[in-house]
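**Q** Supplied in structure tokens, the structure appears directly below.
Nothing in this text is a laboratory measurement; each read-out follows from the coordinates by a stated rule. Just so it is clear, the model here is predicted, and its values are computed rather than measured. Here the Cβ positions follow ideal geometry from the backbone for every residue, glycine too, while neighbour counts run over all protein chains shown.
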Amino acid sequence: MGVMYLAAYLRSRFDTDIRIVNQRLDNCSNEDLVRQVADFEADVVGLGALTPAAYGLAFITQAIRQRLPKALIVLGGPHISAFQAKALEGTMADAAVQGEGELAFEAIINAHFEGGGLADVPGAFWQDKGGEVVTNPGMVPHIEDLDSLPFPAYDLIDLSAYWRRQSLAAIPRRRYVSIFSSRGCPYGCAYCHNVFGKRFRPHSAQRIIEEILYYRRQYGINDIEFIDDVFNLDRKRLLEFCELIHRHNLRIKIVLPSGVRTDILKEDEIDALVSAGLNFSCFALESGSPRIQKLIGKNLNIPNFLKNVELATARGVHANGFAMFGFPTETETEMQQTVDVLCRSRLHTLSCFTVIPYPNTPLYRTAMETHPEQLAGLRYDGLGFINGTINLSDVPDDILFAYQRKANRRFYINPIRLLRILKDHPQPHLLPLYIPHVLQRFTKRDLLPS
Ligand code: B12
Ligand code: SF4
């Protein structure tokens with residue numbers, strides 16, 4: 001989504017040809033990526049990455065620099081928000097941008113080609129001729145009116161290739177499109193990156209409808225995945241959006257795989273979402289312990305969480321829960337509280353992880369105080385959802401991972417839950433595809449280094 005937003009914005013500002021390559025989707029090696037960039041004879045190369053995939057940036061930028069010595073190479077995306085100026089070290093990129101990218105990338109291109117200098121771009125990280133990394137003061141302002149942005153450049157990707165992979169939601173193989181309908185989140189979860197700032201900046205309900213109508217016309221799509229951080233933060237926008245869905249007689253399916261802020265949901269909002277087409281949503285508990293909720297800054301009201309999951313599932317919504325084990329100072333009793341809340345809930349399925357701290361988050365700073373030994377030399381290459389083996393808690397490794405397994409086993413080994421999954425999952429005939437994933441979660445100990 002990020003690079004599609006950037007592409008759409010940049011071509012509205014410059015007369016330019018843009019190509020997008022998704023290394024992950026295409027299973028494209030670093031060498032092949034460099035070859036594609038060189039064959040395209042790019043003048044500007046933007047590289048975005050999440051941290052687990054960012055270890056290739058040093059090789060990629062060096063090889064691009066060799067093949068295209070004059071190209072402007074710019075890094076951006078969540079990895080830069082996490083590692084900031086450090087992300088440039090070892091690379092041959094000219095500059096890097098943290099946070100929202102549209103205006104900053106435009107400013108860097110202008111500074112480079114119009115003879116100003118990278119030193120003039122507020123908040124940018126850049127390397128001077130001697131290879132020294134400089135951090136500019138200030139920050140490019142956030143985009144106030146998100147509706148002023150063009151639709152992301154879906155025309156530059158092969159959308160059908162994504163339909164053959166699993167989307168962010170655990171619903172495989174279907175024709176869908178993702179929409180990111182708001183930026184910024186006012187909550188203060190300690191493990192989270194602040195990519196878009198703390199102020200909620202939504203697209204208007206009307207603009208979301210226009211986007212949906214466009215995708216329906218263009219791709220014949222009726223299945224929409226909103227990957228916002230807090231789609232339900234603005235009650236007025238939520239109800240207006242649902243009302244517009246009816247007014248336009250749109251028969252769509254709505255999926256909320258990033259989750260909603262569950263405890264603030266109201267019953268009439270759930271009704272409105274369900275009648276607008278909601279059939280799958282994630283609900284993030286993270287911890288069943290009130291002390292840990294406070295410690296991690298999430299401050300979820302757990303009784304409200306349970307009540308709203310029940311209301312949504314009673315209306316046929318497939319509910320997937322998120323939970324984490326292994327927060328700094330977390331005890332075995334607190335882990336058991338999480339297992340209990342999960343098993344008591346009406347959630348259908350569960351994504352249960354152990355905590356991985358990312359730099360530039362409050363959690364990382366806490367972990368630096370409590371478990372510096374776990375962070376020393378920590379490599380994020382390929383570190384993913386289920387294979388994390390870091391332990392920041394107060395219990396030994398075997399107990400921590402036993403709780404992760406226990407949560408999965410106690411949650412799923414329940415005939416009533418299994419029947420409910422079959423009844424409510426949007427694609428029950430494809431559920432066997434998930435059996436290997438579930439078994440992997442049941443047996444995580446096998447992944448631990450000996
Ligand atoms: C969808 C999603 C995924 C998807 C797709 C990821 C992807 N490559 O985009 C999947 C399921 C694969 C995924 C996986 C993971 N994710 Co994720 N994910 C998201 C989510 C919910 C939305 C991403 C999105 O589309 N945002 C909307 C677009 C518009 O924003 P954007 O991509 O950030 O792009 C903007 C800027 O970053 C910038 N930008 C982006 N690229 C570039 C490039 C250049 C050159 C420039 C100048 C600017 C720039 O400009 C863009 C427009 O303003 C975000 C949360 C969020 N709010 O963004 C988390 C998020 C990106 N994920 C996160 C994490 C932790 C993970 C995992 C590591 C989890 C785990 N422990 O396993 C894995 C890693 C997988 C991997 N191997 O890379 C973190 C990022 C951590 C980090 N340091 O990289 C985020 C930010 C969540 C959070 N709040 O902490 N994720
Ligand atoms: S609610 Fe989500 S986006 Fe907001 S601070 Fe918490 S984890 Fe981050």
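**Q** Using θ = phi - 60° and the Karplus form 6.51 cos²θ - 1.76 cosθ + 1.60, what ³J(HN,Hα) does each residue of the range 335-347 get, whole Hz, x for Gly and Pro?
**A** Karplus-based 3J(HN,Hα) across the range 335-347 equals 5, 5, 4, 5, 4, 4, 5, 4, 6, 6, 6, 8, 4 Hz.
**Q** In terms of the Cα gyration tensor, with a ≥ b ≥ c the square roots of its eigenvalues, is the chain rounded because a/c is under 1.5, prolate because a/b exceeds b/c, or oblate?
**A** Details: a/c = 1.75, a/b = 1.28, b/c = 1.37.
Since a/c reaches 1.5 but b/c is at least a/b, the shape of the chain is classed as oblate.
**Q** Related question: Going by how many other beta carbons lie within 10 Å of each one, how would you line up ASP223, ASP340, fewest first?
**A** Values: ASP223 21, ASP340 14.
In order of increasing Cβ crowding within 10 Å: ASP340, ASP223.
**Q** Still on this structure: Please compute the length gained on full extension between VAL438 and THR389, using 0.36 nm multiplied by the number of residues separating them and subtracting their Cα-Cα distance.
**A** Working: separation 49, 0.36 × 49 = 17.64 nm, distance 1.77 nm.
Contour length minus Cα-Cα distance gives 15.9 nm.
**Q** Here is a further query. Rounded, prolate or oblate for the range 132-254? Axes are the square roots of the Cα gyration tensor eigenvalues, ordered a ≥ b ≥ c, and the cut-off for rounded is a/c under 1.5. Before the final figure, lay out each step's value.
**A** Working: a/c = 1.80, a/b = 1.41, b/c = 1.28.
The shape class here is prolate.
**Q** In addition: Could you order the peptides 104-112, 36-44, 431-439, 306-314 from most to least packed, using the average number of other C-beta atoms within 10 Å per residue?
**A** Details: 104-112: 20.7, 36-44: 15.1, 431-439: 12.1, 306-314: 18.8.
Going by the mean number of other Cβ atoms within 10 Å, highest first, we get 104-112, 306-314, 36-44, 431-439.
**Q** On a full-extension model of 0.36 nm per residue, what is the gain between GLU373 and TYR412, subtracting their alpha-carbon distance, rounded to one decimal in nm? Don't skip to the end; give the middle numbers.
**A** Numbers: separation 39, 0.36 × 39 = 14.04 nm, distance 3.47 nm.
Full-extension gain reported as 10.6 nm.
**Q** On to the next question. Which residue, chosen from SER178, TYR358, ASN304, occupies the Cα position most advanced towards the positive end of the dipole of the range 158-442, where the dipole is computed from +1 (Lys, Arg) and -1 (Asp, Glu) charges on Cβ about the Cα centre?
**A** SER178
**Q** Nearest 10 degrees is fine. How inclined is helix 415-424 to the longest principal axis of the chain, computing both from alpha carbons?
**A** Between the helix axis and the principal axis of the chain, the angle is about 50 degrees.
**Q** Label point 7 Å out from SER12 along Cα-to-Cβ: which residues of the range 141-162 have amide N under 14 Å?
**A** 143-154, by backbone N distance to the label point.
**Q** Now for a different question. Once R0 is set to 30 Å, what does the formula 1/(1 + (r/R0)^6) return for the Cβ-Cβ distance between ASN304 and GLU31, expressed as a FRET efficiency to the nearest 0.05?
**A** Values: r = 51 Å, r/R0 = 1.71.
Efficiency for this residue pair is about 0.05.
**Q** Given the range 2-135, what percent of its DSSP beta bridges are antiparallel, to the nearest 5? Present the calculation step by step, with values, prior to reporting the outcome.
**A** Values: 5 of 12 bridges.
Beta bridges within the range 2-135, antiparallel portion: roughly 40 percent.
**Q** Another question, then. By DSSP, what percent of the beta bridges with both residues in the chain are antiparallel, rounded to the nearest 5?
**A** Details: 7 of 36 bridges.
Bridges in the chain are about 20 percent antiparallel.
**Q** If you average the alpha carbon positions of the range 198-267 and of the range 111-166, how far apart do those two centres end up, in angstrom?
**A** Answer, in whole Å: 26.
**Q** Now for a separate question. By how many degrees, between 0 and 90 and to the nearest 10, does the Cα long axis of helix 267-276 differ from the longest principal axis of the chain?
**A** 70 degrees
**Q** Distance cut-off 27 Å, Cα to Cα: go down the list LYS253/LYS298; LYS198/LYS294; LYS198/LYS236; LYS266/LYS406 and report the pairs above it. Display every interim value, and only then the final one.
**A** Values: LYS253/LYS298 29 Å; LYS198/LYS294 19 Å; LYS198/LYS236 19 Å; LYS266/LYS406 32 Å.
Flagged as over cut-off: LYS253/LYS298; LYS266/LYS406.
**Q** Looking at ALA319, GLN336, SER289, which one has the Cα that reaches farthest to the positive end of the dipole of the range 225-365 (charges on Cβ: Lys, Arg +1; Asp, Glu -1)?
**A** Of the options given, the answer is ALA319.
**Q** How large is the convex hull of the Cα atoms of the range 208-317 per residue, expressed in Å³ as a whole number?
**A** On the way: hull volume 10.2 nm³, N = 110.
Dividing the Cα hull volume of the range 208-317 by its residue count gives 93 Å³.
**Q** Helix 205-219 versus the longest principal axis of the chain: what angle, 0 to 90°, nearest 10, using Cα atoms?
**A** Computed tilt is about 80 degrees.
**Q** Calculate, in nm to one decimal, what ARG175 and HIS248 gain on full extension: separation in residues at 0.36 nm each, minus their alpha carbon distance.
**A** On the way: separation 73, 0.36 × 73 = 26.28 nm, distance 2.08 nm.
Extra length available between ARG175 and HIS248 comes to 24.2 nm.
**Q** Need one word for the range 26-159: rounded, prolate or oblate. Basis is the Cα gyration tensor (sqrt eigenvalues a ≥ b ≥ c); a/c below 1.5 gives rounded, then a/b vs b/c decides.
**A** It is rounded, given that a/c, with a ≥ b ≥ c, falls under 1.5.
**Q** Something else: Take the alpha carbon atoms of the range 18-87, find their center, do the same for the range 277-295, and report the distance between the two centers in whole angstrom.
**A** After rounding, the separation between the Cα centres reads 35 Å.
**Q** Now for a separate question. Quick one: 3J(HN,Hα) in Hz for the range 291-303, Karplus 6.51/-1.76/1.60 with θ = phi - 60°, rounded, Gly and Pro as x.
**A** 5, 5, 3, 5, 4, 8, x, 7, 6, 6, 7, 5, x
**Q** Continuing with this model, one more query. Given points 7 Å out from each Cα along the Cα-Cβ axis, report the ASN360 to ARG199 separation in nanometres with one decimal.
**A** About 2.0 nm separates the two model spin labels.
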